[in-house]
Amino acid sequence: MLTLHRLAGAALIAVSLGGCGSLSTFEGFFTSSPETTASLQPSGGKVYIFRGMGGRIASFEMDRLSEKLERSGIEAETYNHINWRGPADEAISRYKRSGGRMPIILVGHSAGADASVYFADKLKDAGVPVSLIVAFDPTRRPKDVPPNVDRFLNIYQSLNFFGGGNVPPGSDFHGHYASIDLKNYWEILHVNLVKMRALQDQIFAKIVQITTLPPQLEGATVPIHYVMPRGEKIELWDSGLPIRAEEGETVRSIAAKYAVPAWAVAQINNLSTSATLQPGHRLIIPRHLDNVQPAASALTSFAPRGQ
C-alpha cells in the first residue's frame, strides 16, 4: 500500500527530476555518458518511437532519443501512441521493398509501449519480423509478445499505478526476452523512468548494434525476469543462457566465470548466493548478445531458438 507520505515524497522527487532526468542524486549509478553524434553508417532500417498517453509533455524523452539517433545517422521518428497503424503499414511496405533486409526497431513509453506490441502483432500477420522492442513501463493491457519479435526488453516498475506492466512472451515466442522490474527503486515513477540517462545509453547502444553490426541471434535462449536489487548498477541483459554446472562449482564461481553478478545468477535460478551446485545442475545465466559480421541472410528471422 502506498501511503500519503510516500506519494507526497514521490511527487516531490518527480518534480525535481523533471528537468534533470537523472537519479544520480540518489544512487550514483545513473550517470550520463557523452552523447554520440558521429555518423555510424547504419545498414538501413528505421526506429519507430511511441510516446505515452500524455504525448510530448509526459514522454518528451522519446523525442530526445529520436533526435539523438537521427544525429548519429540512424533513421528514427516519434509518434503519439494512438498513431501506430500508419507507421506499421509503412514498415511493412519498406521491409518488403528492401527484400527482407531492413531491421525494424520499436521503442515506446507507457501506452506507447503497448502500441509497440500492437504494431509488432500487425507485422506478424504480414509475415514481417521485428528486430527489437524496448518497452518502458507499459500498462497492464497489452497482449503477449508475438513470435515475430527477435528481442524484447521490458523495463518497468511493478508498483507503478499507470504503468507496471510485465508483458510476457507468447507461448510461440522463441526470441530473446528480458523483463526488468525496478520496484526496489521507489524514486522511479512512471513519468521519470524513461528519463534515466543510464537506461537510455544502454538502449541507444543496443539500437546501434542492430543497425550497424547485427548480433548473433542463433543458439539456445531462455526468457528471464529479474528484480534489480537496490544500489546495484542497472543491467539490461537480453536473455538467459542455459548451462550445466560442473564438479565443485558454486553460484559465485559461475558468476565469476561468466562475468555476471552473483545476485543475478542466484535470483534467476531461485538459489542463494552461497549455494554449492551438483554436477549437471541446470542454470540460466543472464547474457548480452554478441556482434557478428554481416551475413547475406536477413538480419532478423522467425527461426525458433534452441531451448
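Of these, R252, R197, which one is under 23 Å from P138 (Cβ atoms), touching a Ser or Thr at 6+ places or on another chain (Cβ under 7 Å) and among the basic types (K, R)?
That would be R197, the only listed residue that is under 23 Å from P138 (Cβ atoms), touching a Ser or Thr at 6+ places or on another chain (Cβ under 7 Å) and among the basic types (K, R).
Going residue by residue through the stretch 181-204, is there one that turns out to be of a type in the set (A, V, I, L, M) and in a strand (DSSP E or B)?
Initially, the stretch 181-204 is screened for residues of a type in the set (A, V, I, L, M), giving 182, 188-189, 191, 193-194, 196, 198-199, 203.
Adding the requirement that they be in a strand (DSSP E or B) leaves none.
No, the stretch 181-204 contains no residue that is of a type in the set (A, V, I, L, M) and in a strand (DSSP E or B).
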Check: Somewhere in the stretch 240-254, is a residue part of a helix (DSSP H, G or I), among the small types (G, A, S) and more than 26 Å from V145 (Cβ to Cβ)?
Finding: yes
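In the set Y258, Y177, which member is touching a residue at least 40 places away in the same chain (Cβ under 8 Å), of a type in the set (F, W, Y) and either crowded, with 18+ Cβ neighbours inside 10 Å or touching a helix residue (DSSP H, G or I) at 6+ places or on another chain (Cβ under 9 Å) (or both)? Show your work before the answer.
Numbers: Y258 fails: touching a residue at least 40 places away in the same chain (Cβ under 8 Å).
Sole residue among the options that is touching a residue at least 40 places away in the same chain (Cβ under 8 Å), of a type in the set (F, W, Y) and either crowded, with 18+ Cβ neighbours inside 10 Å or touching a helix residue (DSSP H, G or I) at 6+ places or on another chain (Cβ under 9 Å) (or both): Y177.
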Next item on the list: Return only the number of the condition from (1) surrounded by fewer than 18 Cβ atoms within 10 Å (Cβ to Cβ); (2) modelled with pLDDT under 90; (3) under 14 Å from the mean Cα position of the chain (by Cα) that E218 does not satisfy.
Entry: (3)
Notebook entry, point to check: (1) within 17 Å of L193 (Cβ to Cβ); (2) touching a residue at least 12 places away in the same chain (Cβ under 8 Å): which one isn't true of L132, the others all being true?
Noted result: (1)
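For every residue, the table says whether it meets (1) in contact with a helix residue (DSSP H, G or I) (Cβ under 6 Å, 6 or more places away or on another chain); (2) modelled with pLDDT of 90 or more.
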residue: I188; (1), (2): no, no
residue: V194; (1), (2): yes, no
residue: I207; (1), (2): no, yes
residue: H225; (1), (2): no, yes
residue: G231; (1), (2): no, no
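Give the residue that is surrounded by the fewest Cβ atoms within 10 Å (Cβ to Cβ), with candidates limited to residues of the stretch 261-281 that are within 12 Å of G240 (Cα to Cα) and of a type outside the set (V, I, T). Quick ask: steps written out before the conclusion?
Of all residues in the stretch 261-281, those within 12 Å of G240 (Cα to Cα) come to 264-265, 268-269.
Keeping just the survivors that are of a type outside the set (V, I, T) gives 264, 269.
Details: A264: 24, N269: 18.
Per the criteria, the residue is N269.
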Check: Can you tell me which residues in the stretch 268-290 are within 26 Å of P215 (Cα to Cα) and not in a strand (DSSP E or B)?
Finding: I268, N269, H288, L289, D290
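The values are calculated or read from the model by the stated rules, or taken from the named source; none is laboratory data. What you see is a predicted model, and the numbers here were worked out from it, not measured in a lab. Every residue, glycine as well, gets a Cβ built from its backbone with ideal geometry; the counts of neighbours run over all protein chains shown.
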